[in-house]
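The next block holds one structure in the form of structure tokens; read it before the comments.
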Amino acid sequence: MGVGIIVIMMVLTNTAGALLVSRGMKQVGEISTLQPRELLKIFRHGVLKNYLVILGFLSQVCTFFLFLAALNLANLSWVIPMGALGYLVSVLGAKLFLKEQFTKERWIGTVIIGIGVVLVSL
């Protein structure tokens, strides 16, 4: 499998993981404490029982192994910027699937990241 396909899969699994964890954590609710005992309780009774968080976590695990595979085939100085495509895909996913609202400045920043990725890929 080519490094380009691996990086695309890495970007997609990373984005899917972030979207799933975000939606799942919104279902878990606000975490308003830093007390270890309370955090453990929230983790056991909220996070571990939320299938979206679990799927998101597993997707992030896949991303890590795809990252390792990409590094086996290409230089870090290429893989990391190409992985930044995930920022673009994540913003689109947040807009489409999570219905998040974005300011003009955030869109401009996202486009600048995209331009940077294109420059690195050349």
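When you look at residue 17, is it surrounded by 13 or more Cβ atoms within 10 Å (Cβ to Cβ), touching a residue at least 24 places away in the same chain (Cβ under 8 Å), within 17 Å of the chain's Cα centre (by Cα) and more than 27 Å from residue 118 (Cα to Cα), yes or no?
Details: surrounded by 13 or more Cβ atoms within 10 Å (Cβ to Cβ): yes; touching a residue at least 24 places away in the same chain (Cβ under 8 Å): yes; within 17 Å of the chain's Cα centre (by Cα): yes; more than 27 Å from residue 118 (Cα to Cα): no.
Answer is no for this residue.
Out of the residues in segment 58-87 that are buried (at least 17 other Cβ atoms within 10 Å of the Cβ) and aromatic (Phe, Trp, Tyr), which is modelled with the lowest pLDDT?
Looking at residues that are buried (at least 17 other Cβ atoms within 10 Å of the Cβ) and aromatic (Phe, Trp, Tyr), I get 87.
Filter segment 28-43 down to the residues that are assigned to a loop (DSSP other than H, G, I, E, B), under 21 Å from residue 98 (Cβ atoms) and among the aliphatic types (A, V, I, L, M) and list them by number. Let's see the steps before the verdict.
Of the residues in segment 28-43, the ones assigned to a loop (DSSP other than H, G, I, E, B) are 29-35.
Cutting the leftovers down to under 21 Å from residue 98 (Cβ atoms) gives us 29-31.
The one that is assigned to a loop (DSSP other than H, G, I, E, B), under 21 Å from residue 98 (Cβ atoms) and among the aliphatic types (A, V, I, L, M): 31.
Restrict the check to segment 44-52 and report whether at least one residue is among the basic types (Lys, Arg), surrounded by fewer than 18 Cβ atoms within 10 Å (Cβ to Cβ) and not in a helix (DSSP H, G or I). Show your work before the answer.
So the first thing to find is which residues in segment 44-52 are among the basic types (Lys, Arg), and the list is 44, 49.
From what is left, the residues that are surrounded by fewer than 18 Cβ atoms within 10 Å (Cβ to Cβ) are 44, 49.
Okay, now just the ones that are also not in a helix (DSSP H, G or I), so 49.
Yes: segment 44-52 contains one or more residues that are among the basic types (Lys, Arg), surrounded by fewer than 18 Cβ atoms within 10 Å (Cβ to Cβ) and not in a helix (DSSP H, G or I).
Would you be able to tell me the number of residues in segment 65-100 that are assigned to a helix (DSSP H, G or I), touching a residue at least 12 places away in the same chain (Cβ under 8 Å) and not small (Gly, Ala, Ser)?
Total meeting the criteria: 12.
Could you tell me whether residue 111 is farther than 21 Å from residue 26 by Cα, assigned to a helix (DSSP H, G or I) and in contact with a Pro (Cβ under 8 Å, 6 or more places away or on another chain)? Spell out how you get there, then give the answer.
Values: farther than 21 Å from residue 26 by Cα: yes; assigned to a helix (DSSP H, G or I): yes; in contact with a Pro (Cβ under 8 Å, 6 or more places away or on another chain): no.
So residue 111 fails the test.
The values are calculated or read from the model by the stated rules, or taken from the named source; none is laboratory data. All values derive from a computational prediction rather than experimental measurement. A quick note on method: Cβ atoms are made from the backbone with ideal geometry, for glycine too, and the neighbour counts reach across all protein chains shown.
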